[in-house]
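Undergrad: Take this structure, written in structure tokens, and hold onto it; I'll ask about it next.
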Amino acid sequence: MAFSDDDQDATFEQIYRCYPVSFIEKSNLEKGDKIIMPPSALDRLASLQIDYPMLFQLSNPSSGKFTHCGVLEFVSDEGIIYIPYWMMENMLLQEGDTVCVRNTSLAKGTYVKLQPHTKDFLDITNPKAILETSLRSYSCLTTGDTIMVAYNSKKYYIDIVETKPSPAVSIIETDCEVDFAAPLDYKEPEKPAPCALSKRKRSEVEDDEPPTKVPQFSPFTGSGRRLDGKPSSSTQSAAQTSSPNLKQKQSDNETNGSDSKSLNTTSRRYSGKLVFGSNAAKPDTQRSLPKASENSTKQESSEKEEAPKFQAFTGKKYSLNS
């Protein structure tokens, strides 16, 4: 143990061997950043007129790691200091390793960004209130450190990601804004695979396709019959106008069967000699080649001649006096 040679300089710097606070049965100090120093350190600090609260920088000469802390008591053995174990882990110190202690002054913190190691810390009912209560045991925070917060018999480790206005700040009697980063074990939800998206788009396109066309209803497409048994010309015209396919078929049948009609009519005339009127006096050569239209008109006229005409007052008469 040695003090600095310049007594006029108000700087305390000393090298000690470090041990965890559990060695002196003060494990409650693990919940903060307070250390235990020897009584000689208090005498030296008093002679240098160091202002309260006393803050120190701890550094590991072999690894170059450092942190900041406060002091709780001056009751340790000479040449030995006791510090929380989480601070020893941050500086990569083992039991009995040497550590350099130097007094320092820090600006009051205005902003601190924290990152929990596990997301279960955010599952606490009010994590900010728990953190505020736990940080009352701390004197300062250093960027890059990992502090420990105990709650319900469970330890939560939290990284100090950022501090303002400097990399190390004092949090004693100050209003400090606290922000949280995503926990280290947090994983973003996976995006859906592109194949699933393509299938979904394909199904949407299929749903948007118009339905197949339904054949329209065409009324009055059937055939009609007369009560006297004669063919109805109106039904033939309606059937021709209602169905274009029937028109085409009828035209084909008329062209194909025109010759057969003429042959049938001639053969029909020769098979029976049913003639009326003046046609009976004409020679057979003229009657042998009639047209189909003439046959139809002659048939209708013969039917009219065969029907007896109505004669008025043809019955017997009777007298009322007889």
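Undergrad: Given the options TYR138, TYR111, name the one that is surrounded by 14 or more Cβ atoms within 10 Å (Cβ to Cβ) and aromatic (Phe, Trp, Tyr).
TA: Going through TYR138, TYR111 in turn, the sole match is TYR138.
Undergrad: Of the residues in the range 145-154, how many are under 20 Å from ILE35 (Cβ atoms) and surrounded by fewer than 16 Cβ atoms within 10 Å (Cβ to Cβ)?
TA: 2
Undergrad: While we're looking at this one, here's another question. Return yes or no: is ILE158 within 30 Å of TYR16 (Cβ to Cβ), open to solvent by less than 60 Å² (accessible area, probe 1.4 Å) and within 38 Å of the chain's Cα centre (by Cα)?
TA: The answer is yes for ILE158.
Undergrad: Cβ contacts < 8 Å: first residue hydroxyl-bearing (Ser, Thr, Tyr), restricted to the range 167-187; second residue assigned to a loop (DSSP other than H, G, I, E, B), any location; separation 6+ or different chain. Result?
TA: Final answer for the pair search is SER170/PRO53; SER170/LEU106; SER170/ALA107; SER170/GLY109; SER170/SER139; THR174/GLY109; THR174/THR110.
Undergrad: Would you please list the contacts, defined by Cβ atoms under 8 Å and residues six or more apart or on different chains, that run from a residue in the range 95-110 that is under 14 Å from TYR52 (Cβ atoms) to a residue that is assigned to a loop (DSSP other than H, G, I, E, B)?
TA: Listed pairs, sorted by first residue: ASN103/THR11; ASN103/PHE12; ASN103/LEU48; ASN103/ILE50; ASN103/MET54; SER105/ASP51; LEU106/SER166.
Undergrad: Still on this structure: For the range 1-105, which fully contained strands (runs of 3 or more DSSP E) count at least 3 residues that are out of contact with any Phe, Trp or Tyr (no Cβ under 8 Å at 6 or more places or on another chain)?
TA: In the range 1-105, 13-20, 66-73 are the strands (runs of 3 or more DSSP E) which contain 3 or more residues that are out of contact with any Phe, Trp or Tyr (no Cβ under 8 Å at 6 or more places or on another chain).
Undergrad: Here is a check on your reading of the model: is SER105 over 22 Å from ALA150 (Cα atoms) and open to solvent by 70 Å² or more (accessible area, probe 1.4 Å)?
TA: yes
The values are calculated or read from the model by the stated rules, or taken from the named source; none is laboratory data. Quantities reported herein were computed from a predicted structural model and do not represent experimental measurements. When we count neighbours, we look across all protein chains shown, and the Cβ atoms used for this are built from the backbone with ideal geometry, even at glycine. Heavy atoms of the whole protein, side chains included, go into the accessibility calculation; ligands, DNA and RNA do not. Shrake-Rupley method; radii C 1.70, N 1.55, O 1.52, S 1.80 Å.
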